[in-house]
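Student: Once you've had a glance at the structure underneath, I'll fire off some questions.
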Amino acid sequence: MKQYYHTLEGMPVGWSLDMVVPSGKQVAPETALQGNAGLTAIVGNHTVSLGAFYKAMDGLIYYKYAQSLFSGALANWEDDVDFGKGTAYGAEFLYEYLGKDFYLRTAYTLSRTMRHDFAQTNNGQPFHARFDRTHVLNATAQWKGINATFILQSGNWENGAAETYPVKLPGKDWNAKYFSSVNNYRMPTVIRLDLGYQFAFRTGKVSHKVNLGICNVTNHFNPFMLFFDTEKEAWEEIAILPIMTNFSWRIEF
């Protein structure tokens, strides 16, 4: 595959925010070679699938000055990118059961995504892609009107693990911090459980559909971004998805 647009990596955020930029005179198109192999077996109501994949990428770009991403400096982004390669590989497993009143679907992915050969980034050493997640597990079950969804996945990578070095000033000695490498801190594991219940009934010529749900039942703290608070001089984590309930009642005439 050869594509003439890029996702600008190196952004100072931890959520999925894609900034798409075009190739041009200074930025060559990105090329990728990917292979997939798998097996699928169906026995009665059971379906099992197992596969593996490998992807080699060239012509990836990385923005070197993330701190100025949202400023006027971005207008000349082509002058401030580094070029390199990437690899991604892993295995995928899927199990699905479809019965009369019960449905179950479980998917698991074991993978690794790396960046390498960026001459001006991380001293030329390989580093994790920000979205690299070793383990991703999703499970969904439904019995009549009751449904449940469970999600477990490795946290994303952030520029967080800093090292210190001594600084000597007249009359004062102190330690300064610097980032020793790129994406060198993995955020905590994401764990989430959602529950729901759906039922319907009729009153005369009117049908009613009611849905009750609870998102993140365990109220697990799922941080997605890490930043350094200069006033507190400490690392802070951000999470915006606590336990939440939802209710809907739909009436059809």
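Student: I need every pair where a residue in region 89-117 that is free of Cβ contacts under 8 Å to residues at least 12 places away in the same chain and more than 16 Å from T140 (Cβ to Cβ) has its Cβ under 6 Å from the Cβ of a residue that is of a type outside the set (A, V, I, L, M) and assigned to a strand (DSSP E or B), sequence separation at least 6 or different chains.
Tutor: That search, which allows pairs on different chains as well, returns nothing.
Student: A further question on this structure: Which one is nearest to A162 (Cα to Cα) among residues in region 196-249 that are surrounded by fewer than 13 Cβ atoms within 10 Å (Cβ to Cβ) and basic (K, R)?
Tutor: Filtering first and then ranking leaves K232.
Student: Still on this structure, please answer the following. Considering only region 103-120, state which residues are more than 20 Å from Q153 (Cα to Cα) and assigned to a strand (DSSP E or B).
Tutor: Taking region 103-120 first, the residues more than 20 Å from Q153 (Cα to Cα) are 103, 115-120.
Of everything in region 103-120, those that are more than 20 Å from Q153 (Cα to Cα) and assigned to a strand (DSSP E or B) turn out to be Y103, R115, H116.
Student: For region 73-118, name all the residues that are at pLDDT below 95 and over 25 Å from G59 (Cα atoms).
Tutor: G99, K100, D101, listed by residue number.
Student: Residues being polar (S, T, N, Q) and surrounded by fewer than 16 Cβ atoms within 10 Å (Cβ to Cβ): count how many of those fall in region 170-195. Quick ask: steps written out before the conclusion?
Tutor: Taking region 170-195 first, the residues polar (S, T, N, Q) are 175, 180-181, 183-184, 189.
With the extra rule that they be surrounded by fewer than 16 Cβ atoms within 10 Å (Cβ to Cβ), the set shrinks to 175, 180, 189.
Number of matching residues: 3.
Student: Any residue that is surrounded by 11 or more Cβ atoms within 10 Å (Cβ to Cβ), among the aliphatic types (A, V, I, L, M) and touching a helix residue (DSSP H, G or I) at 6+ places or on another chain (Cβ under 6 Å) - is there at least one of those in region 152-169? Steps first, answer last, please.
Tutor: Kept after step one, since they are surrounded by 11 or more Cβ atoms within 10 Å (Cβ to Cβ), are these residues of region 152-169: 152-164.
With the extra rule that they be among the aliphatic types (A, V, I, L, M), the set shrinks to 152, 161-162.
Filter again for touching a helix residue (DSSP H, G or I) at 6+ places or on another chain (Cβ under 6 Å), leaving none.
Looking through region 152-169, none of the residues is surrounded by 11 or more Cβ atoms within 10 Å (Cβ to Cβ), among the aliphatic types (A, V, I, L, M) and touching a helix residue (DSSP H, G or I) at 6+ places or on another chain (Cβ under 6 Å).
Student: Over 30 Å from A176 (Cα atoms) and of a type outside the set (F, W, Y): does that describe K232? I'd like the intermediate steps shown before the answer.
Tutor: Values: over 30 Å from A176 (Cα atoms): no; of a type outside the set (F, W, Y): yes.
It is false that K232 is over 30 Å from A176 (Cα atoms) and of a type outside the set (F, W, Y).
Student: Looking at D132, D58, D82, can you tell me which residue is part of a loop (DSSP other than H, G, I, E, B) and of a type outside the set (K, R)?
Tutor: Details: D58 fails: part of a loop (DSSP other than H, G, I, E, B); D82 fails: part of a loop (DSSP other than H, G, I, E, B).
None of the others qualify; the one that does is D132.
Student: While we're on this one: Just checking, how many residues over region 90-99 are assigned to a strand (DSSP E or B) and either surrounded by fewer than 16 Cβ atoms within 10 Å (Cβ to Cβ) or hydrophobic (A, V, I, L, M, F, W, C) (or both)? Give the derivation first.
Tutor: Keep residues of region 90-99 that are assigned to a strand (DSSP E or B), which gives 90-98.
Okay, now just the ones that are also either surrounded by fewer than 16 Cβ atoms within 10 Å (Cβ to Cβ) or hydrophobic (A, V, I, L, M, F, W, C) (or both), so 91, 93-95, 97-98.
So the answer is 6.
Student: Do we find a residue being aromatic (F, W, Y), touching a residue at least 40 places away in the same chain (Cβ under 8 Å) and over 30 Å from Y97 (Cα atoms) anywhere in region 212-225? Break it down into steps so the answer makes sense when it comes.
Tutor: Initially, region 212-225 is screened for residues aromatic (F, W, Y), giving 221, 224.
Narrowing further to those that are touching a residue at least 40 places away in the same chain (Cβ under 8 Å): 224.
Those left that are additionally over 30 Å from Y97 (Cα atoms): 224.
Checked against the condition, which is being aromatic (F, W, Y), touching a residue at least 40 places away in the same chain (Cβ under 8 Å) and over 30 Å from Y97 (Cα atoms), region 212-225 yields at least one hit.
The values are calculated or read from the model by the stated rules, or taken from the named source; none is laboratory data. Remember, predicted model here, so these are calculated numbers, not experimental data. Methodologically, a virtual Cβ is constructed for each residue, glycine included, from the backbone with ideal geometry; neighbour enumeration extends over all protein chains shown.
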